[in-house]
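The numbers here are math on the coordinates, done by the rules we state, and not lab data. Keep in mind that this is a model prediction, so the values were computed, not measured. Cβ: placed from backbone, ideal geometry, glycine included. Neighbour counts: every protein chain shown.
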Amino acid sequence: MSDVIEVIKQSYKIENILEQFIGIDLSNVRKKNKSYNICCPFHQDNHPSFTVWEETNYWKCWAGCGGGDQINLVAKALNLKNHEAIKLLNNQLNLKKTQVEYMKSGVEELLRDKELIKKFNDRIRETFSNLIALRVKTKKQIQEVMEAEDLESEYVINLHHLVPKLEGWLESLESENYAVQYHTLLDIQNFFKKGLNSWIKTK
């Protein structure tokens, strides 16, 4: 088990865990004294009380929500026990490895299958178009809520975090690498399985 934990810690950076499991993108947050200070995602937080140390892959909520490493953060975010979070992350690593190996071994066969390529490219174009529309709607809602809502509310913060996530997906979908496009589609699918209600008002 200790070997598995070590592999997980080496494979996942704390900022990637934050983005994948909580939806927080630190790329737009200013670092101070080798750490990031943001509003805690686990309680109503009007003053940043959540600190993330990128170099040590450690996090802590100074208001009492806890702290720890990448595994502890996943457990907290998904309301899991530590051993359940370890199993989840390990399975995800194995899945990614399998997917990459499949893409590498099957790329020549894939390129020969014109019908499959057409369906894949159609899916890329459709997803790209939907993300463009969602980006426009998100930016519009940001402008609307700037005056109508508390700028530090969870909803407003989620809107601001969604824009760079959409930008990243759009950039990846434009890649000429099928593996990058494929994993991006999976990432988008997994994200939207959770629903958009906490991110953007769809009605």
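Among the residues making up region 20-38, those that are in contact (Cβ under 8 Å) with a residue 24 or more places away in the chain and closer than 13 Å to TRP59 by Cβ are PHE21, ILE22, ILE24, LEU26.
Conditions tested, residue by residue: (1) closer than 21 Å to PHE191 by Cβ; (2) in contact with a Gly (Cβ under 8 Å, 6 or more places away or on another chain).
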position: SER11; (1), (2): yes, no
position: SER27; (1), (2): yes, no
position: CYS61; (1), (2): no, yes
position: LYS81; (1), (2): no, no
